[in-house]
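Computed from the coordinates by the stated procedures, all read-outs in this text should not be read as laboratory data. Everything quoted here is computed from the prediction, not taken from an experiment. Reconstructed Cβ throughout: ideal geometry from the backbone, glycine too, with neighbour counts over all protein chains shown.
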Amino acid sequence: MRRVRGTNTSPELIVRRVLYGLGFRYRLHAADLPGKPDIVNRTKKKAIFVHGCFWHGHCCKRGNRRPKTNTEYWRKKIDRNMERDLLNIMELRRCGWDVLVIWECEINHHDLSEKLSKFISAGR
């Protein structure tokens, strides 16, 4: 588990490349915001989280997979991650931020660029 990175993951790098190509400029890992969003544009108040399906309990094939050993520990850990994610998103929205969650399984879909483009251009 030590080898699993929390920042600059492959899915995150792909999303950043697409955003940059769309002309969206951003900052990374804003520690002063709830949840430390992966990608932030402060002038537009846009925050993007790039979540790994397993770690954040997504309802896809990869997210539904559970380890065969130490199952109770992993169930609790993933449940805590999901709860914390929800609280962080609610807090950001309460502060006036637009929030988008990109799941690891959505990265290779052809509509990622379109989804990001809609999010960027959506008005406040």
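Across the cross-link table entries 45/76; 46/77; 77/115; 36/76; 77/118, which are compared at the Cα atoms, the separations over 25 Å belong to 45/76; 46/77; 77/115; 77/118.
Between residue 73 and residue 118, take the C-beta separation as r, use R0 = 35 Å, and let me know the FRET efficiency to the nearest 0.05.
Values: r = 38 Å, r/R0 = 1.10.
Step by step, r from the Cβ atoms, then E = 0.35.
From most to least packed by mean Cβ count within 10 Å, the peptides 9-18, 98-107 give 98-107, 9-18. Counting only DSSP beta bridges with both residues in the chain, the antiparallel share comes to about 45 percent. Taking a straight Cα-Cα cut-off under 18 Å and skipping sequence neighbours fewer than 8 places away in the same chain, the aspartates and glutamates within cross-link reach of residue 61 are 79, 104, 106. Report summary: the helix-based calculation at 222 nm, which adds -39500 (n - 2.57) for every DSSP H run with n ≥ 4 and divides by the residues of the chain, gives -12500 deg cm²/dmol. I'd like the distance between the alpha-carbon centres of region 13-37 and region 43-117, rounded to an integer number of Å. Here the two parts' Cα centres lie 15 Å apart. The average projected area of the chain, computed from the convex hull of its Cα atoms over all directions, is 8.1 nm². Sorted on the mean count of surrounding Cβ atoms within 10 Å across their residues, most packed first, peptides 31-37, 53-59 read 53-59, 31-37.
Which helices, counted as full DSSP H runs in the chain, have an axial Cα extent of no less than 15 Å and a Kyte-Doolittle average of -0.5 or above? For the chain, where a helix must reach 15 Å along its axis and average at least -0.5, the hits are 10-21.
Under 14 Å from a point placed 7 Å out from the Cα of residue 22 along the Cα-to-Cβ direction: which residues of region 71-105 have their backbone N that close? Output list for this probe position: 98-103.
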